[in-house]
Amino acid sequence: METLKRVLDDVREAFGMEPKYTKLSPFQEAKLLHEFRTFYDMNGDGRLQWKDFEMARDYICEKSGWKPKSSKWNACRLLFADLWRNLLDAADGNIDGEVTKDEWGRGKKCPPKPPEIEEQLAPSILPDKKENAAAKEAPSKEVEADDFPVPQWFENYIEYKFSLLDRAGDGILDKEEFEYTLNDAFNISPKDCQTAFRLMTKNGEMTIDKKYFRTLALQFYLSNDPSDLGNFINGKLSYDD
């Protein structure tokens, strides 16, 4: 989760705010720990080493049918190497070449009542939220999802997650792809996947293309509101367990 704090700091700096490590809420920590356990800690020992990333990378490539030397195989290898470098830089506190669950979840002390990230965004980045006083006082230039600044490696990670789910490679994520990938590769309940997809698409009103998926992904990583639709991009409905 130190990596997410670094992303939040980059976002703060992009909005002209003083960058400082941001303490995550229990809800945000629960979401990130789910990713830690489900997608990266392949041997379940509560610590991440490069071999975990290699195992996760090779497993995902195999399950996705990305053949060696193919464009997606090469992109996945480059992405995981970049993710590992950024993770060590952000979270490996004792510089031992691995990231424990405690390091992953370690919170940094921050000043009282720091500005909430979503209060700095125009309502368009977080759909279906009522304007609050902070949003009304935000800069007049509306921030579209496409323009919302995040580090390039994080952009690559969002692109990777979409490619992982978009098995047909047509730029549109459908229910069958979403359910198959998360259930087959990561053992997420098919029923939960179906419900999550229905919620994200607002009962079929929304099409999950790359642009909309990016908005959902930003909600997952930056929002502290359990009702935001982006919380369901991994097929999980609740983070209370």
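The values are calculated or read from the model by the stated rules, or taken from the named source; none is laboratory data. Since the structure is predicted, the reported quantities are computational estimates derived from the model, not experimental observations. Surface areas here come from the heavy atoms of the whole protein model, side chains and all, with no ligands, DNA or RNA. Shrake-Rupley method; radii C 1.70, N 1.55, O 1.52, S 1.80 Å.
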Ignoring ligands and nucleic acids, what accessible area does Lys175 show with a 1.4 Å probe (Å², nearest 10)?
-> 90 Å²
So how do Arg85, Arg214 rank on accessible area, 1.4 Å probe, biggest first, that is with the largest at the start?
-> Arg85, Arg214
Order the following by accessible area, largest value first: Asp228, Asp58. Probe radius 1.4 Å; ligands, DNA and RNA are ignored.
-> Asp58, Asp228
